[in-house]
1. Touching a helix residue (DSSP H, G or I) at 6+ places or on another chain (Cβ under 9 Å) and not assigned by TED's automatic domain parsing to the domain that holds residue 51: is that true of residue 139 in this structure?
2. If residue 109 meets every condition in (1) more than 18 Å from residue 322 (Cα to Cα); (2) modelled with pLDDT of 95 or more; (3) surrounded by fewer than 24 Cβ atoms within 10 Å (Cβ to Cβ); (4) in the same structural domain as residue 194 (by TED's automatic domain parsing) apart from one, which number is that one?
3. Which of the following residues is within 20 Å of residue 120 (Cβ to Cβ), in the same structural domain as residue 29 (by TED's automatic domain parsing) and modelled with pLDDT of 95 or more: 101, 91?
4. Considering (1) crowded, with 16+ Cβ neighbours inside 10 Å; (2) modelled with pLDDT of 90 or more; (3) touching a helix residue (DSSP H, G or I) at 6+ places or on another chain (Cβ under 9 Å), say which one residue 278 fails and leave the rest.
5. Out of 74, 91, 87, I need the residue that is under 24 Å from residue 276 (Cα atoms), surrounded by 17 or more Cβ atoms within 10 Å (Cβ to Cβ), within 15 Å of the chain's Cα centre (by Cα) and without any contact (Cβ under 8 Å) to a residue 60 or more places away in the chain. Which one?
6. Among the numbered criteria (1) touching a strand residue (DSSP E or B) at 6+ places or on another chain (Cβ under 8 Å); (2) surrounded by fewer than 19 Cβ atoms within 10 Å (Cβ to Cβ); (3) outside any helix (DSSP H, G or I), which single criterion is violated by residue 180?
7. Any idea which of 134, 75 is at pLDDT 95 or above, under 30 Å from residue 262 (Cβ atoms) and out of contact with any helix residue (DSSP H, G or I) (no Cβ under 6 Å at 6 or more places or on another chain)?
């Protein structure tokens, strides 16, 4: 089942708040429904958020394509999630295309552009898979004939569910699996929303060997030599290579550095914010404390993301190749 699809004059999404217990599609017909889907994390993952938001603009303009309606649609969607830069990227692309057009031309143009953004995301992620698979193949080649899988650790869900197709961090895993390269994935549960369960669900659907672990088990597995590589996704990369991803990513990067394990980030170029100089300038979303399961009387801090400094990252896997985090300008 696709994460995002067109349905005549509406958009179909896979409601990720119900997974893995239930598989249910929702039909989004209005701007308000798209904004709610993004804010409530029925749709999640930076690339998928961007594509869905583009369709939200298109749906809004079918009701009213005037300047005020366009501005309102863009501002409504921009306010849904602050950290994922793909949201701002997609909305900026829609603004640049639609702003100069006569209102009568906007609705059709918006739908075409939203479709293009979705198709480009799928193609970009397929390319990320190819480039990332070369890293996994290199690890396998250095095993000197030992028959054991490449052991990859990931955090959060940066697979097919987080994108239009293929995934980012999991795209190399799927490419390797399809090519017959043995891979095993350590899946971090990713508190507090347990998005690792989404990763487990989709890896099981694809027949990829995997093991779910508690977040805090990661360091022990690395210490024991049971991890060959860590690959995570990203919600925003600063121009210097500092990377925001789901809370808990930074700790895995620190543990990987301590144990000499390469730590990679997989993301399309649209996730790079060249206007953001470093990680200190990345906005970090604070979510409702009730996600931690505490009562309303308990003081709670619930940052949804943390920032991994560029010096802990071995490389950024993009659709244009693998780049050192300090040379992201070459990927532009």
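The values are calculated or read from the model by the stated rules, or taken from the named source; none is laboratory data. What you are looking at is a predicted structure, and each value in this text was computed from that prediction instead of being measured. So basically every Cβ, Gly included, is an ideal-geometry build from the backbone, and we count neighbours across all protein chains shown.
1. In short, no.
2. Status for residue 109: all satisfied but (4).
3. It is 91.
4. Failing condition for residue 278: (1).
5. 87
6. Unmet for residue 180, out of (1) touching a strand residue (DSSP E or B) at 6+ places or on another chain (Cβ under 8 Å); (2) surrounded by fewer than 19 Cβ atoms within 10 Å (Cβ to Cβ); (3) outside any helix (DSSP H, G or I): (1).
7. So the residue among 134, 75 that is at pLDDT 95 or above, under 30 Å from residue 262 (Cβ atoms) and out of contact with any helix residue (DSSP H, G or I) (no Cβ under 6 Å at 6 or more places or on another chain) is 134.
A quick yes/no check of all residues on (1) closer than 20 Å to residue 304 by Cβ; (2) buried (at least 20 other Cβ atoms within 10 Å of the Cβ):
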position	(1), (2)
202	no, yes
220	no, no
223	no, no
236	yes, yes
249	yes, yes
253	yes, yes
